[in-house]
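Heads up, the thing below is written out as structure tokens.
The values are calculated or read from the model by the stated rules, or taken from the named source; none is laboratory data. Because the structure is predicted, anything quoted here is derived from the model rather than measured. Note: ideal-geometry Cβ built from the backbone for every residue, glycine included; neighbour counts use all protein chains shown.
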Amino acid sequence: MNHRIRLHLTLLAAATPLALFGAPSRAQEVLRIGVNGVMSGEAASWGLVNKYCAETTADMVNAKGGADIGGKRYRIEIVALDDKNDPKISVTNAEKLTSQGIKYIIGPNIDTTALAVKPVVERAKALNFPYAFAKELYKAPAGNSVLGMVASYQVGPIMYEYLKTKKGVKSIAFLARNESDARNQQAEGVEAAKKLGLNVVAASDSYEPGTKDFMPVMTKVIKTKPDAIVLSGVAPADAPLLNKAARDLGFKGTISTETAQDSKILAQVAGAKANGFMSVGGASTPEIQSDYMKEFVSVYKKRVGEWNDEAGTKVYALELILAVLKKNPKALDDVEVFKKEMATFSMPNPFVKGGATRLEFAGQADFGRRSQVGVPLVINEFQDKEFKTLFVGTIRN
Amino acid sequence: MIQVLINGAVLGCVYALVALGLTMVFSIMRVVNFAHGQMYMLGAFVVYYLYGEYGLPFYVALPAAAAALALVGVAFNRFFFQPVLASATREENSMLMAVGTALLLENLALTVFGEKQRGVPPVVDGAFVFGDVAEGGAILTHPNAMVAALAALSILGLLAFVQYTRPGRALRAVAQDKEAARLQGVDVKATTTLGFAIGAGLAGLAGGLLVTVYGVNSGVGVNISTKAFIMVMIGGAGVTSGAIVGGVLLGFAEAIGYDLLPGSITYLLIFVAMIVFLVFKPNGLFGKPWG
């Protein structure tokens, strides 16, 4: 091979990648977002739905060429780690994520794991979005955690007021999963119900995580003859079994919870016995979905295989993070800038149709500052295999 | 109180069936099968797909779940446990292998079946009503009655098999003394494989049966295994009658405890009672010293 031919071949080899990927091309930046939560075991759906929602948002943004932040295009990359609901693993995960330079982390899912990672994110000057309700995570002097959804103590009073005025409920029983989060929710629910003048006939009943036969524990609750039963901190896997046990034992009143649930699970496991069950929704019911939310559901289904109604409350975190970063690109490297933006940030809620609902940070009334994603307070009722929106409320701010 | 007794009886039958498979594997192989709960979960998913999704009759799907898990048991025994037991000098090796297989099955299930709770249409509907529960009456739902009856039938079937058939007698012989059984002409390798298959098949049968009332999710295994261990420890590891008595005792303890005590105290007391009991009777009610 003479020298000239070799030179041509070398030039051709060098030019091929440029021709294939379009030259000249601008190198795309990568924005890494962490997800730290429970993704295995009985409560896997809590963390996995967070992960799937973040990945779905990333898919949608990346399909449009990435997020435009400060004139640069960023491909969104989700780094998800399973903490198995174990505070030790959650801390290790948070250290791993922050050591990689990740500034924004979605999760963890419960009080114990969220409180364990709090010092880690504060030390690393990162910001996390837990789905845990402990107020000390969000009140000063804490400053690096943002509640990702609506808390039970925000939903409870509104839901009990509805039960009292619209359904004529006078007596109420509380049943909790025997875990710190759920027991806290139960105690707060009992206080809220008492303030409304409801007669609390069962205030401290609970069941062990992993229980499958709820007839024994529900028998005791039914004997107190309540008009309504509140399931505090109930996992989506337990809710249909609890509904079924209550109905099998002849309970005719209302059953409700302050957590998000999935209609398919209720339909499959409890069927018509879950009719009338009230729970918290996000933007998942067809009555309030925008076209953007419909697209989200379709991309989610493509990635995961099927939709989970729990995701209705979890679509917001990454959307809001990206929106704030777009507004002030300095927040990419400095979460203090992000925190300042939280006080005033407001945008139309892309997931709810009509354009009238705003998406902003909330929590002033409960935490003394805006340290909560302002997810709309949607109350759903299960009826004939699907959720129907009963009403949409707002968090006091 | 009648409702509490009904709840206890149903739970007792179900728990006994769950514990039986675990104790069977232990008695034959001296292996604590940590994957027992995950095998229960797989059996439930077999019925979920065959009966719930593809519409096959439940009474076809249920034996299919037991058979499928028996095959899984044979494969686990042949490819995982037998090689380890043949070469290992310490018992911990087989325990670690069992923990590994549990994690393997759970993570595989999470990937294949997803994170959601699943359920199937009820096989039977309705209830025997004996008055208003709130006024001291009782209700036994037909699905619970069916589950308890089928669990009791399965237990009786297994006891008859072990007591009166030639392979059953071989199983008992291997459980009592492997070397003596070998000298009597028992094919120990085939018998241990049969024992593991029956243990895994029982887990699959329990899962397939209980998915009709409790549903299933990929993470259910750990809690099932934990409860099975409690029952086996109470009754005595490796003793069939011990597993049955342990299951029934736990069922009634749970039903009565939830009725008389705050929920959070019930399992605390069950664990405390178990610790105290094991201090005085470390081999359980019917167990013999291991080794």
message: Given the condition more than 19 Å from residue B:222 (Cβ to Cβ), of a type outside the set (Ser, Thr, Tyr) and touching a residue at least 24 places away in the same chain (Cβ under 8 Å), answer yes or no: does some residue in the stretch B:84-91 qualify?
response: yes
statement: Picking from A:56, A:10, A:98, A:92, the residue that is farther than 30 Å from residue A:328 by Cβ and modelled with pLDDT of 95 or more would be A:92
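Rundown of residues vs (1) crowded, with 17+ Cβ neighbours inside 10 Å; (2) within 14 Å of chain A (Cβ to nearest Cβ), yes/no style:
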{"site": "B:132", "(1), (2)": "no, yes"}
{"site": "B:146", "(1), (2)": "yes, yes"}
{"site": "B:183", "(1), (2)": "no, no"}
{"site": "B:193", "(1), (2)": "yes, no"}
{"site": "B:205", "(1), (2)": "yes, no"}
- request: Quick one: which residue in B:241, B:218 is within 19 Å of the chain's Cα centre (by Cα) and surrounded by 23 or more Cβ atoms within 10 Å (Cβ to Cβ)?
  value: B:218
- prompt: Counting just the residues of the stretch A:197-227 that are under 28 Å from the mean Cα position of the chain (by Cα), surrounded by fewer than 21 Cβ atoms within 10 Å (Cβ to Cβ) and more than 7 Å from chain B (Cβ to nearest Cβ), which one comes out nearest to residue B:1 (Cα to Cα)?
  reply: A:203
message: Please go through the stretch A:228-237 and give me each residue that is modelled with pLDDT under 90 and either surrounded by fewer than 23 Cβ atoms within 10 Å (Cβ to Cβ) or more than 7 Å from chain B (Cβ to nearest Cβ) (or both), ordered by number.
response: A:233, A:234, A:235
query: Would it be correct to say that residue B:87 is touching a helix residue (DSSP H, G or I) at 6+ places or on another chain (Cβ under 7 Å), modelled with pLDDT under 90 and not acidic (Asp, Glu)?
result: no
query: Looking at (1) in contact (Cβ under 8 Å) with a residue 24 or more places away in the chain; (2) under 30 Å from residue B:238 (Cα atoms); (3) more than 10 Å from every other protein chain (Cβ to nearest Cβ), can you tell me which one residue B:123 breaks?
result: (2)
- prompt: Give me the pairs: first residue in the stretch A:175-188 and free of Cβ contacts under 8 Å to residues at least 60 places away in the same chain and within 13 Å of chain B (Cβ to nearest Cβ), second residue in a helix (DSSP H, G or I) and charged (D, E, K, R), beta-carbon distance under 9 Å, and six or more apart or on different chains, which are they?
  reply: A:176/A:183
message: Of all residues being buried (at least 20 other Cβ atoms within 10 Å of the Cβ) and part of a helix (DSSP H, G or I) in the stretch B:103-120, which is farthest from the other protein chains (Cβ to nearest Cβ)? Just the residue, please.
response: B:105
All positions within the stretch A:272-281 that are within 14 Å of another protein chain (Cβ to nearest Cβ) and either crowded, with 24+ Cβ neighbours inside 10 Å or touching a residue at least 60 places away in the same chain (Cβ under 8 Å) (or both): A:272, A:274
field: Out of A:267, A:274, A:260, sole residue that is modelled with pLDDT under 90 and of a type in the set (A, V, I, L, M)
entry: A:260
query: Is it the case that some residue within the stretch B:47-69 is within 14 Å of chain A (Cβ to nearest Cβ), in a helix (DSSP H, G or I), modelled with pLDDT of 90 or more and in contact with a strand residue (DSSP E or B) (Cβ under 8 Å, 6 or more places away or on another chain)?
result: yes
- prompt: What single numbered condition from (1) farther than 18 Å from residue A:313 by Cβ; (2) free of Cβ contacts under 8 Å to residues at least 40 places away in the same chain; (3) outside the structural domain of residue A:180 (by TED's automatic domain parsing) fails to hold for residue A:301?
  reply: (1)
message: Quick check on the stretch A:160-168. Is at least one of its residues more than 14 Å from every other protein chain (Cβ to nearest Cβ) and either touching a Cys at 6+ places or on another chain (Cβ under 9 Å) or of a type in the set (S, T, N, Q) (or both)?
response: yes
